[in-house]
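Structure first, then comments.
What follows is calculated from the coordinates using simple rules that are stated; it is not laboratory data. Here the structure is a predicted model, which is why all the values come from computation and not from measurement. Cβ: placed from backbone, ideal geometry, glycine included. Neighbour counts: every protein chain shown.
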């Protein structure tokens, strides 16, 4: 019994290459933070970092859901509208006097239901995810204004508590409850992707759907599941958004799906599916948050620079993905 | 070996698709601890038989028994669970996942719902050690060669206590060393008592590993033979069959290489053209008015030769001369500029544009050559299209019908017309008569003769020897991705001699140089 | 009897049957709801009325959808058209707003030329990303969709640029031969695109590339150039639509000009019968699709429903159209149409499906 060593691919093809986009994002984040610290004295305050989390908690949660979808090679354009719809429905139900807990349950059910239906349409009728979720986006946004044309304030005690409660030292640094929720979502998602069959099937389907099918993996169930998860994350994001703004506004979060997709891509998840990590998505969201913070700190730069910089980063990272050739297909 | 009871029997299997009878009353049995080769030309029914066995298709008639019990699987997964695992030609793994995960995904050992990665890796290492494979199981599958990937796929297949292992053309993309590795593992598994069903197009490999052979032809069983009782030549004969000549004889005699053709200046001269992993370097000369037949079994590299000549794939060595001047054929556009046309064997994927009409499909190549700014005047289009619809008797004779609604034979004629309209000097026809009815076949053969009489060079690729012999001035024989011989089609050449060359590869080696 | 039945079935099978039917039903429903809906009156030598408004307001969408039709026909998609509308509108308005005489025709023409030039360059950027670098169209154009909005705001410095230019306003609100000028511009663009594609071989080559890229390559078509070209054409159409949108309100708003027009345009193309998978394209169908969308919007306005709620109806339309187009849906619920081609050589088709 002689063991033979077989020709393996070049060694550089293995580890660093797969992790390069995430490492690049991490480096970018550190550089940007460094720039901030060196340029603005107030930037070194740890609360700046906490604020990035507080201001982007809902984005993080939604991006986690999008990561699932993109890992299978799909896309979900409906998330921004679903988040807005969730906030809107909560505000409306609270206004009509339903108990907070019941409202929470109802609001959290709408998103996943819509996601489930979209997943079914994508799987059973073989329609492109882009189009189906576009219809979902129209539907959810339409529902928002159907409920009300104007923004509905939230005065419910539970909501205001969740919104204003500060965790941390009194008069010191703090985070909001939303941040804890976002962290919980991130940890659960990371666990699901790394340690459950569902998570592994997500990667397998993104890697090669036909192989996955021939290996006997439940293709349809997994695809429907990721859109349901994305819907659930959008709903949680919507609740956090309503904590953040203490209202439901019909036109909030327009175009958020683009920010979310950008964050996921900048976080190193490959848009053709099969490669990427929740950790990368966290970094991607932080990059967006730090860009915004830097631009706010600078004062002379205007908010539209955020979009231009995000577009530029999107281009750079897609090009990087292309050059590394992570697309195995 | 005949004493042992078959682990798997298939009896009286028939399977039809709309308009096609893919299998008719086929029997097949597989003994434990043997490597059993399933042989047949393309379309003989090998893949259908495997798919019927593993439940990808339902069975019209007949029965399958496994260990004496009748079974009917509803898909590859259920078959695998019952101990019948399949490894496909295209490696069906997820390239982005690790080796260990590819072996176990879908049935990972878990505790409280969480995958136990340590256990997955340990068991993967164990399994690969059994296959004498020492690789890093945490590395993504894509970082290993195809051969290793193939073995990982086998490891996945045998992990589920497989008793029957189906290997569907596992060697088609492996080099000689990798094939040897695979064979070593196959022998080992055989010695452990696993029954292996092996499908390949490479004759040497059959004789290198198989214990018995079952031959299919046109969906029917030709026979089952122990390997010792079926020499290579007999195998090739049984696979190809001596086709009864139902076609009208186009010419009674094989066409001799006329002195006029040979003495003329060569049109295309290829020297040591090759592409790694596709075809070994070959040299070939084609004169104007000459029909060069390219014979060989499926997968022997015939199509690859055609694609290199047309620039559809880029050659990585060798050179081409057209009219004595050195030229590059790096893409189809350049080849077309040199007067070369190519009808692909894969009509649907590489030939017709199904959405477009017969007329548009016909003028496409000519229009592409003119550029979009110079459209072919409609009257000229209609003239050309009418002429070729008549000349090739394309049915229905409606130039505005979407080409996808035509039958296979008529689609083929539309493709031919596409190139004839460009008036090429060399036309490459890859299996132009496969899968079309007998009448259309005769018409296409007649056309080839007419074209060459008119001075056009034709490279004619076909698995049917009779056809190649009837039409060609010169026959180039491919075997295992190598051009092994070039025979002048004179009185001394007949089907037996070509078959012998295909089978042994020894005929006139020097001719290919 | 059977003859009439056949004719009816042929009509049902015509690809424009359902779009026309939907448009007719919507117009009829409107007329029943509001009898004066179809009335057109002459005022000041110009025609006024809801039908005219629908035509005028649908002009920008028609323009964008025309370019989108070509892009989709090659199997691609262009998400950046909305941002391109905003950029071109902003550039034109900025230039005019800084000119000493905003009513000078030369000034306006210069502004238009500059804006169009920038749009063409951005279209070329999209084209290069897709055809040369080989990025998926949806992602390649997403970049400009995101960054383009920022660029438009950068050009306008975050302000809404208001101008007071007669010639520029005419693009959106002017009249010619009693009809709004915008209708003629859209019509001219449609005729131009039709001539550009159908009078040359471009249309066929686009359809060929979208229908089967590999087969087209083997027929000697340089598909990269064709793909590049359609993104440039799409950008040009978007730029003109952007002029129209900003001329309508005499101001350019980087945030809102052309917002979501890409989605409406894609919808119009799909309603018009062009498949998202690429292949055959139908300019007439696209125009019909754009009219349907605008009629829907106008109807919703007329019924005093908020424009955002119109999105609910759009969602229904998108799903309905996609389901009707989806082969999987037809196979499950549709009856086989008599003219449908029989499946040829199934085993071969099966074979093609299996390899990864």
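Working from Cα positions, state the angle (0 to 90°, nearest 10) between the long axis of helix B:358-370 and the longest principal axis of chain B.
The two axes meet at around 70 degrees.
Can you tell me, using C-alpha contacts under 8 Å and at least 6 residues apart, the relative contact order of segment B:141-200 as a whole percent?
Relative contact order of segment B:141-200: 44 percent.
Would you mind estimating how fast chain C diffuses translationally, via Stokes-Einstein at 20 °C and 1.002 mPa s with the Kirkwood radius over Cα pairs, in µm²/s?
99
According to a simple spin-label model (label point 7 Å from Cα along Cα-to-Cβ), what is the distance in nm between residue B:380 and residue C:176?
Going from the residue C:176 label point to the residue B:380 one covers 3.4 nm.
Quick check on segment B:296-368: take the gyration tensor over C-alpha atoms, sort the square-rooted eigenvalues as a ≥ b ≥ c, and tell me if it's rounded (a/c under 1.5), prolate or oblate.
Note, shape of segment B:296-368 comes out oblate.
Using only the alpha carbons of the protein assembly as shown, what is the convex hull's orientation-averaged projected area in square nanometres?
The number I arrive at for the protein assembly as shown is 53.7 nm².
Could you work out, residue by residue across B:370-381, how many beta carbons of other chains sit within 10 Å of that residue's beta carbon, and then give the average as an integer?
That works out to 3 on average.
For a paramagnetic label modelled at 7 Å from the Cα of residue B:192 toward its Cβ, which residues of segment B:89-130 fall within the zone defined by backbone nitrogen distances under 20 Å?
Correct set: B:92-93, B:99-109, B:119-130.
Could you grab the relative contact order for chain C? Cα pairs under 8 Å, six or more apart, rounded to a whole percent.
The value is 29 percent.
Please work out the FRET efficiency for the pair residue A:46 and residue A:221, using the Cβ-Cβ distance as r and a Förster radius of 45 Å; give the result to the nearest 0.05.
0.55
Spin-label point model (7 Å from Cα, Cβ direction): what's the residue B:453 to residue C:164 distance in nm?
Computed distance between label sites residue B:453 and residue C:164 equals 8.6 nm.
Using a 10 Å cut-off around each Cβ of peptide C:134-147, what is the average number of partner chain Cβ atoms that fall inside?
Taking the mean over all residues of the peptide, I get 6.
Could you sort the peptides C:282-292, C:259-269, B:66-76 by per-residue average Cβ neighbour count (10 Å cutoff), highest mean leading?
Taking the mean over residues of other Cβ atoms within 10 Å, the ranking is C:259-269, C:282-292, B:66-76.
Please report Rg (one decimal) and Dmax (integer) in Å for the Cα set of segment A:66-142.
Looking at segment A:66-142, its Cα Rg and Dmax stand at 13.8, 42 Å.
Compute the FRET efficiency between residue C:16 and residue B:218 as 1/(1 + (r/R0)^6), taking r as their Cβ-Cβ distance and R0 = 45 Å, and round to the nearest 0.05.
That gives a FRET efficiency of 0.45.
With a cut-off of 8 Å between alpha carbons and a minimum separation of six or more residues, what is the relative contact order of chain A in percent?
Contact order relative to length: 33 percent.
For residue B:446 and residue B:334, calculate 0.36 nm times their separation in residues minus their Cα-Cα distance, and state this gained length in nm to one decimal.
Gain on extension, residue B:446 to residue B:334, equals 37.4 nm.
Once fully extended, how much extra length lies between residue A:151 and residue A:37, figured as 0.36 nm per residue of separation less the alpha-carbon to alpha-carbon distance?
37.3 nm
In whole Å, what three semi-axes, largest first, describe the equivalent ellipsoid of chain B built from its Cα gyration tensor (square root of 5 times each eigenvalue)?
In descending order, the three semi-axes are 43, 26, 24 Å.
Give me the extension gain from residue B:492 to residue B:272: residue separation times 0.36 nm, minus the current Cα-Cα distance, reported in nm with one decimal.
Full extension from residue B:492 to residue B:272 adds 76.4 nm.
Give me a single rounded figure for C:123-129: the average over its residues of other chain Cβ atoms within 10 Å of their Cβ.
Taking all residues of C:123-129 together, the mean is 1.
In deg cm²/dmol and to the nearest 500, what is the mean residue ellipticity at 222 nm of chain C if only DSSP H runs of at least 4 residues count, each as -39500 (n - 2.57), divided by the residue total?
That comes out to -22000 deg cm²/dmol.
Distance between the C-alpha centers of segment A:210-289 and segment B:330-360? Whole Å please.
What the calculation gives is 42 Å, centre to centre.
Once every DSSP H run of n ≥ 4 in chain A is given -39500 (n - 2.57) and the sum is divided by its residues, what mean residue ellipticity at 222 nm do you get, rounded to the nearest 500 deg cm²/dmol?
Computed ellipticity for chain A at 222 nm equals -24500 deg cm²/dmol.
Using helices alone, I'd like the mean residue ellipticity at 222 nm for chain B: each DSSP H run of four-plus residues gives -39500 (n - 2.57), total over residue count, nearest 500.
-10000 deg cm²/dmol
Give me the distance in nm between label points sitting 7 Å out from Cα along the Cα-to-Cβ direction at residue C:302 and residue C:188, one decimal.
Placing both labels 7 Å along Cα→Cβ, they lie 3.0 nm apart.
Output the Kirkwood hydrodynamic radius of chain A, Cα pairs only, in Å rounded to one decimal.
Taking the inverse mean of 1/r over all distinct Cα pairs, chain A comes out at 20.7 Å.
Which FRET efficiency value, to the nearest 0.05, is calculated for residue A:158 and residue B:119 with the Förster distance at 45 angstrom and r the Cβ-Cβ distance?
0.50
If neighbour count is taken as other Cβ atoms inside 10 Å, put B:270, A:309, B:449, A:105 in order from fewest to most.
Fewest-to-most Cβ neighbours within 10 Å comes out as A:105, B:449, A:309, B:270.
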